[in-house]
Amino acid sequence: MMKEKIEALRARFASELSDAKTPEALEALRVAFLGKKSPVSDLMSELRNVPKEEKAEAGQLINSVKSEIAEAIAKTGDKLKAEALLAEIRSAKKYNPTLPRRKKSGSYHPITLIQREVEEIFISMGFTVEDYPEIVDDYHCFEALNIPKHHPARDMQDTYYIENGQLLKTHTSAAQNHIMRKYGAPLRAIFPGRCFRNEATDACHENTFFQMEGIMIDENISISNLIYFMKSMLSEVFRRDINVRLRPGFFPFVEPGFELDISCLICGGNGCPSCKNSGWLELCPCGMIHPNVLRDGGIDTERYSGFAFGLGLTRLAMMKYGIKDIRDFNSGSLKALSQFRSN
Ligand code: DAH
């Protein structure tokens, strides 16, 4: 008797389950079949009237149909949820999660990388990093640097002029006067920046390039301080001991002025085609700041002296990364630039 009833219940459940097409219908079915007042609870009550010897078997049958129903409901619930999600995905037009994600992360420009690296090194040696505009006036770019009007040194620094008489700075030295006036002495500062010159471009010349100027002003500053700081910085940038040498060089804003060479990175100083067999590479003009420049910057020249250097950041990046053509920097070529992942 009990067996037939259980079979009938199974059949009824199976047919009603196939009609349950929504989570709500399924929940109603669960309550109807497994709830407090349901065919299953009725069967449990009827168990009382079953003869003793059949009770155990009947009890087991009721329990197993009960768990069958519960399991079928849970499974159908999962299926309905998955179908609902799929329907949502199909109807959503903007976002298609089945498309492969192509993650294209950008990379820093090699000039940015080298600039940050050199900045870190100078910061660790007590220098501050200063900013300065790219559009400057004649006074800051030339006059305050001991380059009066009609001085021949201006010929090498032709640039782009704006109608109001201002110009695009030809060198980071243009900030020297402003920074001396801002801080006074003693002073240690570097100021990286983009510079411009009206020049025909080739593999070594660009109309737009980057420099990093540095000045240190204090009592008893001499050329040995200059050599020490440059050697320390360059040895860190190139991660090896770098030898430097100074040759005389002329720049109106320093006296004496120098060209600083470093031992060739390829041959280590023995001579090779890269250094034209000299063992040295020209890297950075520098010198002791001219008293006229200090005075214009409001510095007491009786008490203080200082050195300055104009590091070619673009040139340094070419050396460090082995870039042969300066025009690659501004080419916007992702193939070239994406090789410089920040680390
Ligand atoms: N401003 C110079 C240039 O771009 C480079 C330079 C030379 C900077 C000597 C300096 C220096 O600070 O001492 O040609």
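Condition test on residue 117, is it loosely packed, with under 12 Cβ neighbours inside 10 Å, at pLDDT 90 or above and in a helix (DSSP H, G or I)? In short, no.
Residues to consider are 285, 248, 291; find the one that is closer than 22 Å to residue 215 by Cα, surrounded by 19 or more Cβ atoms within 10 Å (Cβ to Cβ), without any contact (Cβ under 8 Å) to a residue 60 or more places away in the chain and within 16 Å of the ligand (Cβ to nearest atom).
Numbers: 248 fails: surrounded by 19 or more Cβ atoms within 10 Å (Cβ to Cβ); 291 fails: surrounded by 19 or more Cβ atoms within 10 Å (Cβ to Cβ).
Criteria check complete, one pass: 285.
Is it the case that the range 93-108 has a residue that's in a helix (DSSP H, G or I), open to solvent by 80 Å² or more (accessible area, probe 1.4 Å) and either closer than 30 Å to residue 321 by Cβ or modelled with pLDDT of 85 or more (or both)? The answer is no, given that none of the residues of the range 93-108 is in a helix (DSSP H, G or I), open to solvent by 80 Å² or more (accessible area, probe 1.4 Å) and either closer than 30 Å to residue 321 by Cβ or modelled with pLDDT of 85 or more (or both). The condition of being within 16 Å of the ligand (Cβ to nearest atom), open to solvent by 40 Å² or more (accessible area, probe 1.4 Å) and assigned by TED's automatic domain parsing to the domain that holds residue 308 does not hold for residue 161.
Scanning for something over 22 Å from residue 151 (Cβ atoms) and within 16 Å of the ligand (Cβ to nearest atom), does the range 323-339 turn up at least one residue? Lay out the reasoning, then the answer.
To start, the set of residues in the range 323-339 that are over 22 Å from residue 151 (Cβ atoms) comprises 323-339.
Filter once more, so that each one left must be within 16 Å of the ligand (Cβ to nearest atom): 326.
Yes, the range 323-339 contains a residue that is over 22 Å from residue 151 (Cβ atoms) and within 16 Å of the ligand (Cβ to nearest atom).
Of the numbered criteria (1) open to solvent by 40 Å² or more (accessible area, probe 1.4 Å); (2) assigned to a helix (DSSP H, G or I); (3) within 13 Å of the ligand (Cβ to nearest atom), the one residue 194 fails is (2). Being touching a strand residue (DSSP E or B) at 6+ places or on another chain (Cβ under 8 Å), open to solvent by 60 Å² or more (accessible area, probe 1.4 Å) and not acidic (Asp, Glu): is that true of residue 231 here? Spelling it out, residue 231 is indeed touching a strand residue (DSSP E or B) at 6+ places or on another chain (Cβ under 8 Å), open to solvent by 60 Å² or more (accessible area, probe 1.4 Å) and not acidic (Asp, Glu). Taking the criterion of being surrounded by fewer than 17 Cβ atoms within 10 Å (Cβ to Cβ) and closer than 27 Å to residue 189 by Cβ, would at least one residue in the range 260-270 satisfy it? There is no residue in the range 260-270 that is surrounded by fewer than 17 Cβ atoms within 10 Å (Cβ to Cβ) and closer than 27 Å to residue 189 by Cβ.
Note on the range 164-182: among residues that are within 14 Å of the ligand (Cβ to nearest atom) and in a loop (DSSP other than H, G, I, E, B), the one that is nearest to residue 215 (Cα to Cα) is 171. Within the range 209-223, being open to solvent by 30 Å² or more (accessible area, probe 1.4 Å) and more than 12 Å from the ligand (Cβ to nearest atom) holds for 218, 219, 220, 222. In the range 140-163, which residue that is assigned to a helix (DSSP H, G or I), out of contact with any Asp or Glu (no Cβ under 9 Å at 6 or more places or on another chain) and modelled with pLDDT of 95 or more is nearest to residue 298 (Cα to Cα)? By that ranking, first place goes to 140.
Pairing each residue of the range 146-169 that is on the phi < 0 side of the Ramachandran plot and touching a residue at least 40 places away in the same chain (Cβ under 8 Å) with any residue that is within 16 Å of the ligand (Cβ to nearest atom) and charged (D, E, K, R), provided the two are 6+ apart or on different chains, yields C-beta distances under 8 Å for 147/154; 157/197; 158/197; 158/199. The number of residues in the range 300-329 being open to solvent by 10 Å² or more (accessible area, probe 1.4 Å) and within 20 Å of residue 188 (Cβ to Cβ) comes to 6.
The values are calculated or read from the model by the stated rules, or taken from the named source; none is laboratory data. The structure presented is a predicted model; accordingly, all values stated were derived computationally and were not measured. Reconstructed Cβ throughout: ideal geometry from the backbone, glycine too, with neighbour counts over all protein chains shown. Only protein heavy atoms, including side chains, enter the accessible area calculation; ligands, DNA and RNA are left aside. Shrake-Rupley method; radii C 1.70, N 1.55, O 1.52, S 1.80 Å.
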